[in-house]
Every structure is written in structure tokens, then in C-alpha cells.
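Values in this text are rule-based calculations from the coordinates and carry no lab data. Here the structure is a predicted model, which means the values were calculated and not measured.
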Amino acid sequence: MAEFVDPEKLVSVAQMAAQFGYHPKYFSKLASEKKFKAWRIGNIWVTTRESIESYIRTAPSPGPKTNSAKKRQKPRKDSLHN
């Protein structure tokens, strides 16, 4: 069943990206990956402010994943050749 969204609440993903300090292409990528509710009208992605705010509140923090990253070990001095 299709969800009804008030057309007055629709805004472009690019506008929301600018308001929240993100690159428009990044938000378009998230929209295409269905990370938040968005619809494509022609070549423009549209969404609601509520969808973006909800995504930002629940999205994982960017940055390296410390649990899966292996720590680099420094070479031991006795193993170095001069």
C-alpha cells in the first residue's frame, strides 16, 4: 500500500543536504540506497524534513571502525638492518 505524503512537505534532497551541511550527492546516494524515505521525480530526489531528521538521529557515526581495524605494529629495533 502506498504511503500518502502531503506534497507541501516535500523538499529536494539537495536542499536538505545544504541545510544540514552535507554534500547533495551524498544525500542522493543515501536516498537511492533507501536509507531514508525519499522519492525520485524525474532526476530529482525529494523527501521530507522529518525523514532526514530521523535518519540523522539514528545514523551510525562516520569514521573508522575500531573493532574491525587491525592495529599496525611497529617493527622491533632488533629486526631492523642498518
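Full extension of the chain between HIS23 and ARG40 gives 4.3 nm of extra length, using 0.36 nm per residue less the Cα-Cα distance. Annotation: extensible slack from ARG57 through VAL11 equals 14.7 nm (criterion: 0.36 nm per residue apart, minus Cα-Cα distance). So which aspartates and glutamates can LYS29 reach, going by Cα to Cα under 12 Å and dropping same-chain residues fewer than 8 places off? Correct list for LYS29: empty, as no aspartates and glutamates qualify. What the Cα atoms of region 1-58 give is an Rg and a Dmax of 10.6, 34 Å.
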